[in-house]
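Report on the following structure.
The values are calculated or read from the model by the stated rules, or taken from the named source; none is laboratory data. Remember, predicted model here, so these are calculated numbers, not experimental data. Here the Cβ positions follow ideal geometry from the backbone for every residue, glycine too, while neighbour counts run over all protein chains shown.
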Amino acid sequence: MFRNRTTIWNVGPILATAIVVVAMGASSVKADFTFGKPVNLTTVIPVLDPMNDNVFSFSADGLEMYILSFRAGCDIWVLRRDSKDADWPPPERLGPAVNDPNGAYSPQGIGPMS
């Protein structure tokens, strides 16, 4: 009846082995950097609204910042700049291809509201 089911008993030894291997290797891993003091981005980027905007992602090149904003419903917005030294411009709403036209919490096609 349960022949083809994966259970904790046949996954457990594999998981335990993986944890031991990671733990043994982790002791030799060292970072070559230190983190600075945390900064609330809404205090240093004037175009962000601390009451409505939540920063949640940056592009790999550091030129785009994606925010979840409650400016008009609950939508994903993007800020794009030309270089890492440039100031952040005001955000642009990504529109109906990404956001729900009714301002629902989950973007189109993602999460429980889709």
Legend entry - Close pairs from region 24-52: first modelled with pLDDT of 85 or more, partner loosely packed, with under 10 Cβ neighbours inside 10 Å and not hydrophobic (A, V, I, L, M, F, W, C), Cβ under 8 Å, at least 6 apart: VAL47/PRO90; PRO50/THR43
Inset, instruction - Filter region 67-89 down to residues that are over 17 Å from ASN102 (Cβ atoms) and surrounded by fewer than 18 Cβ atoms within 10 Å (Cβ to Cβ), then give me how many there are. - result: 11
Legend entry - Residue, modelled with the lowest pLDDT, within region 62-111, restricted to residues that are among the acidic types (Asp, Glu) and assigned to a strand (DSSP E or B): ASP75
